[in-house]
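Input: a single structure, listed below in structure tokens.
The values are calculated or read from the model by the stated rules, or taken from the named source; none is laboratory data. Please read these numbers as outputs of a predicted model, since none were measured by experiment. Cβ sites come from the backbone with ideal geometry, for glycine too, and all protein chains shown count toward neighbours. The area values use the complete protein model at the heavy-atom level, side chains included, leaving out ligands, DNA and RNA. Shrake-Rupley method; radii C 1.70, N 1.55, O 1.52, S 1.80 Å.
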Amino acid sequence: MSRLGCCAVLWAASAVSWGGTPAAIMEMPGLWAEFAAGPVARVTGNFSHADLNRDGQPELILERSVWIRERGPGWSRTIPLPEEFSGGFYDVDREGILWLMSRDGLKGWRLEDSGDRWEPLGLFPLEKATAEKGKEPENRPGRRRFLHDIDEDGWDDAVVITPRGAYWHRRTKEDFRREGALLISFPPPRLIYGTPGTLWPPEQRALAFPTRRLSCEISIAAGVITLVSGEPMGDRMFWTVRQQALTGAAGRDPASGVDPLQQLDVPGDAVPVWLDRGSPAPGFARFKRETDSPDGRGDPVAVCEVWAPGQGTPQVFRRPAPPGTALCPPLADVDGDGLMDVALLTAGMPRRGPREQAQEFLTGSRLQLDAAVWLGRNGGYASQPSWKGSLDIQLDAPPVRQPQLLQRAARKPLASLIGDFNGDGQADLMVRDRLDRVSIYACGAGGISGQPLFTLAVAADEAAIPADVNGDGRADVICMPESGTRPTRVALTEGDNP
């Protein structure tokens with residue numbers, strides 16, 4: 001994660017209803033989050049978590065500050081990050097030491113037991129060849145330096161990505177090895193693709209490395225390093241997956257090359273997706289809206305195509321998708337089993353005959369959210385949805401008058417199946433069912449609950465985004481004013497209450 005930001009606090013009780021129980025609402029200026037692009041339903045933002053004071057509670061790290069977690073859902077105080085945090089990447093090791101990872105090397109700080117000051121640990125330089133001096137500007141997208149225990153000796157080592165390959169700087173109790181050992185060399189620099197790095201599960205130290213010459217994705221996890229790269233071929237993309245065990249990394253020559261684990265030719269807009277966290281290779285997916293007739297004059301439908309690892313033919317999922325509303329990314333682990341499920345969420349005016357449809361457009365006051373979910377299994381997906389459901393969305397005016405909620409629906413999805421709000425390990429449905437409200441419904445393998453877990457009042461200009469802000473494993477609701485004139489608010493959840 002790159003650097004991160006935050007500020008003041010406000011407690012309120014009337015904005016959330018969960019069986020009448022009040023909730024904690026915190027103002028957090030500088031915090032931001034948004035739904036990521038691509039076929040996978042996920043949220044990206046400028047915050048991360050780490051237990052810096054070693055009390056078992058994760059702190060919240062933002063661009064300029066650290067929020068110290070207290071017992072309960074919120075934070076007790078904030079402290080500024082060390083002044084040197086003006087650029088580069090940072091990471092936190094298993095001892096809670098904060099490391100700034102720049103071209104010059106690694107510089108560490110330990111938060112003192114009082115939680116009020118940082119203890120500097122000094123600079124550990126890396127050799128210039130692997131420190132990327134003069135190679136690429138720091139503001140280019142992609143994460144190129146992070147910590148990972150390569151040799152499994154209990155110490156987090158430094159991994160540095162350069163256009164040549166991935167380098168390992170072994171750590172001992174005293175310092176980091178200045179010279180880097182090459183873990184895996186990159187393919188020839190003629191390989192280019194424009195997809196940002198969204199492939200890996202968060203705990204796998206996700207990394208994308210786009211440069212002017214080369215773009216690929218790397219994951220280091222479970223004792224292996226995996227490299228995924230694509231080469232354009234007209235309107236298609238030829239993907240290659242290479243994987244190499246990290247055991248004995250210092251005793252071999254990775255520059256000699258690694259035989260491909262998988263090679264696949266897919267449409268150019270299909271992207272790699274980790275469909276099964278236990279699989280040695282990713283699958284691919286793409287998501288689009290098209291009509292249900294070859295001549296383009298039929299009814300619009302949402303289409304998700306999924307290629308299982310090593311499979312050249314996709315499984316195709318379709319649902320009616322009324323025009324004028326944004327589509328929700330369809331891939332999410334709905335039932336929490338580690339396999340990606342296909343969840344098509346579409347919103348629009350209820351489907352009726354032409355006369356009723358015209359009347360609904362002139363005088364109607366609602367949209368209908370339809371959900372269809374195909375649960376992933378080791379053998380793939382069933383031909384029919386595992387479950388379906390629908391909910392009403394109340395508009396603030398008839399569609400002919402272009403109500404605010406309909407305008408919002410044209411820009412961003414009104415629903416998501418991402419966050420686990422009740423702690424059962426399954427994704428819950430959050431829907432903007434009124435201009436001034438979001439509702440959260442328990443969800444999972446059995447479908448949508450009949451009544452919401454809770455509702456949250458939001459301002460008309462606020463975007464509502466599910467994300468675990470305090471690091472307790474439960475999704476919270478981030479309310480971001482689109483005007484930028486007010487600070488971001490966060491509704492925290494804990495136990496059975498928001």
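Quick look at the values:
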item: Subset of the stretch 318-344 (residues that are open to solvent by 10 Å² or more (accessible area, probe 1.4 Å), under 29 Å from Ser293 (Cβ atoms), of a type outside the set (Lys, Arg) and assigned to a strand (DSSP E or B)); result: Pro320
item: Count - residues of the stretch 390-423 that are touching a Pro at 6+ places or on another chain (Cβ under 7 Å), part of a loop (DSSP other than H, G, I, E, B), aliphatic (A, V, I, L, M) and surrounded by 17 or more Cβ atoms within 10 Å (Cβ to Cβ); result: 2
item: Residue within the stretch 87-97 that is touching a residue at least 40 places away in the same chain (Cβ under 8 Å), within 24 Å of the chain's Cα centre (by Cα), under 18 Å from Phe146 (Cα atoms) and loosely packed, with under 15 Cβ neighbours inside 10 Å present; result: yes
item: Residue within the stretch 287-302 that is open to solvent by 30 Å² or more (accessible area, probe 1.4 Å), over 26 Å from Leu429 (Cα atoms), out of contact with any Cys (no Cβ under 8 Å at 6 or more places or on another chain) and in contact (Cβ under 8 Å) with a residue 24 or more places away in the chain present; result: yes
item: Verdict on Asp433 being among the acidic types (Asp, Glu), out of contact with any His (no Cβ under 6 Å at 6 or more places or on another chain) and surrounded by fewer than 20 Cβ atoms within 10 Å (Cβ to Cβ); result: no
item: Qualifying residues in the stretch 101-112 (those that are at pLDDT 90 or above and over 15 Å from Asp55 (Cβ atoms)) - the one surrounded by the most Cβ atoms within 10 Å (Cβ to Cβ); result: Leu106
item: Residues (in a strand (DSSP E or B) and open to solvent by 60 Å² or more (accessible area, probe 1.4 Å)) located in the stretch 61-86; result: Ser76, Arg77, Thr78, Pro80
item: Any strands (runs of 3 or more DSSP E) falling wholly within the stretch 435-498 and containing at least 2 residues that are modelled with pLDDT under 90, charged (D, E, K, R) and closer than 20 Å to Cys328 by Cα; result: none
item: Residues (under 20 Å from Trp387 (Cβ atoms) and free of Cβ contacts under 8 Å to residues at least 60 places away in the same chain) located in the stretch 434-454; result: Ser439, Ile440, Tyr441, Ala442, Gly446, Ser449, Gly450, Gln451, Pro452
item: Criterion violated by Gln426 - all others in (1) within 19 Å of Met340 (Cα to Cα); (2) in a strand (DSSP E or B); (3) not acidic (Asp, Glu) satisfied; result: (2)
item: Test: residue in the stretch 375-389 that is surrounded by fewer than 19 Cβ atoms within 10 Å (Cβ to Cβ) and more than 30 Å from Ser279 (Cα to Cα); result: yes
